[in-house]
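Undergrad: Attaching a single structure in C-alpha cells format; questions to follow.
The values are calculated or read from the model by the stated rules, or taken from the named source; none is laboratory data. This one's a predicted model, so the numbers in the text were calculated from it and none came from an experiment. Methodologically, a virtual Cβ is constructed for each residue, glycine included, from the backbone with ideal geometry; neighbour enumeration extends over all protein chains shown. Just the protein is used for accessible areas: all its heavy atoms, side chains included, with ligands, DNA and RNA removed. Shrake-Rupley method; radii C 1.70, N 1.55, O 1.52, S 1.80 Å.
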Amino acid sequence: ERFTKNQIEYIDNLSSIASAFSSFAKIPEANPVEVDLLEQIKTTLELFKNSDNITFRVGSPYAEKIMIRADKEQINSILSNLIKNAIQSIAPGMSGIVKVHLEKKDEKVMVSVSDNGSGIPESLKQKMFTPNFTTKSSGTGLGLSIVKRYVENASGKIWFESEADKGTIFFIEFPLLKPDEK
C-alpha cells in the first residue's frame with residue numbers, strides 16, 4: 001500500500017512538472033507568410049524517405065502552386081508530426097503505406113495524411129488532441145495538441161477518422177490564399 005501511494009505521488013509530481021514545462025514552453029507567435037503547401041509536403045516527405053518498409057504516396061491533381069497564408073515552420077511541424085505518427089502506427093515488420101493527398105474545395109484546400117497502421121481505439125479518440133496525452137512509451141504527449149494549435153493559427157481545422165487494424169486518416173483544411181491577398 002505504501003509503495004502504491006509513493007508511486008501515485010511520484011506520477012502526480014511528474015505530471016505537475018510536465019504541466020509546468022508546457023506552460024513555460026509557450027508556442028512562439030506565428031509569422032504568417034505565403035506558403036506553397038504542395039512544395040512543403042514534398043520537402044517534408046524527403047525527411048522520411050529512408051523509412052524502412054514504408055511507401056509514401058502523394059496525391060495532388062494540381063500542377064500549379066497551392067498557396068495558403070501560414071507560418072512556414074508551423075506547417076512543416078504539422079506535416080512532419082502527422083507523417084511521423086503515421087509511420088509509428090505501423091507495426092514493425094509490416095509494409096506501411098502513408099498517403100498524403102490534397103484536394104481543393106471552394107476556397108479551401110484539404111490535406112489528408114493516411115496510414116494503414118493499427119488505428120486509434122474508440123476509447124482514446126476523444127483524448128487525441130489533449131496536451132500531455134500519449135499512447136507511446138516515450139514522448140511528451142504534446143505533438144497533436146501543438147499540431148492542432150498550429151492548424152488553428154493558420155485559420156484551419158483538423159479532425160481524423162480511424163478504424164482499428166485498418167489505419168487512420170488525419171484531415172486538415174486551410175483557407176486558400178486568394179489572388180488579391182498576395
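Undergrad: Lys157 versus Lys72, label points 7 Å from Cα toward the beta carbon: distance in nm?
TA: 2.9 nm
Undergrad: Extension gain Gln126-Phe171, at 0.36 nm per residue separation less the Cα-Cα distance, in nm?
TA: Values: separation 45, 0.36 × 45 = 16.20 nm, distance 1.58 nm.
Full extension of this stretch gives 14.6 nm more.
Undergrad: List the lysines whose Cα lies under 19 Å from the Cα of Lys127, skipping any in the same chain that are fewer than 8 positions away.
TA: Lys84, Lys136, Lys148, Lys157
Undergrad: If you don't mind, there's one more thing I want to ask. Would you mind working out the accessible area per residue for the chain, using a 1.4 Å probe, and quoting it in Å²? Show your work: numbers first, answer last.
TA: On the way: 11450 Å² over 182 residues.
Accessible area per residue: 63 Å².
Undergrad: Moving to a separate point now. Please report the projected area of the chain's Cα convex hull averaged over all directions, in nm².
TA: Working: hull surface 50.0 nm².
One quarter of the hull surface, i.e. the mean projection, equals 12.5 nm².
Undergrad: Would you mind counting up the charge near Ser77? Only other residues with Cβ under 11 Å from its Cβ, with Lys and Arg at +1 and Asp and Glu at -1.
TA: +1
Undergrad: Based on the Cβ-Cβ distance of Ala164 and Ile11, what FRET efficiency does E = 1/(1 + (r/R0)^6) give at R0 = 25 Å, to the nearest 0.05?
TA: Working: r = 28 Å, r/R0 = 1.12.
My answer for the efficiency is 0.35.
Undergrad: To the nearest 10 degrees, how steeply does helix 143-153 sit against the main Cα axis of the chain, on a 0 to 90 scale?
TA: Tilt relative to the chain: about 40 degrees.
Undergrad: If you roll a 1.4 angstrom probe over the protein chains with everything in place, what fraction of the accessible area of the chain belongs to carbon and sulfur, to the nearest %?
TA: Values: 5830 of 11450 Å².
The nonpolar share, carbon plus sulfur, comes to 51 percent.
Undergrad: Between Val58, Val147, Val98, which gets the highest mean-square fluctuation from a Gaussian network model of the chain, Cα cutoff 10 Å?
TA: Checking each option, the largest mean-square fluctuation is seen for Val58.
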